[in-house]
Amino acid sequence: MTIIVRSMAGGDESNVPAGRRLRLHPRKTGVVPTTEPAQFLGFVLLPGGYRRLPDENVRRFRNRLRGLRDRWRAGAVTRAAVDGRVRAWIAHAEHAGSFRLRQAIFRRGWYDPSPGGA
């Protein structure tokens, strides 16, 4: 399926395949040189094919992890639920080559995502 996108701001939907309701966000969509960092699918894409996680993403995950830890300790959430959420974020973060970041986040040891961890 090929989608040719022209100015969607003017309501021109003639290039969108029938049955598809593709809407591009005017502030989030743009053409930038490949020499500049660009944010896409939860990563910052850098020149040379490098990817990193946006600082905001890491901050939100740390806060979410702290909340999960507290709810887990209080018995409000199961270990399986915590494992699922943490492993999903780790799988996402692995695509950014974030080994040291993940080490730093889990260094304190209250939650070890490896099998058999605390």
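When Ile105, Ile90 are sorted by how many other C-beta atoms sit within 10 angstrom of their C-beta, beginning with the fewest, the order is Ile90, Ile105. What shape does the stretch 42-118 take by its C-alpha gyration tensor, where a ≥ b ≥ c are the square roots of the eigenvalues and a/c under 1.5 counts as rounded, a/b above b/c as prolate, and the rest as oblate? Here the stretch 42-118 falls in the prolate category. Amide H to amide H, with H built 1.01 Å from N, Gln39 comes under 5 Å of Leu45, counting only residues 5 or more places away or on other chains.
Bear in mind these aren't lab numbers, they're just calculated from the coordinates by the rules spelled out. The structure presented is a predicted model; accordingly, all values stated were derived computationally and were not measured. Because the Cβ atoms are built from the backbone with ideal geometry, glycine has one as well, and the counts that use them run over all protein chains shown.
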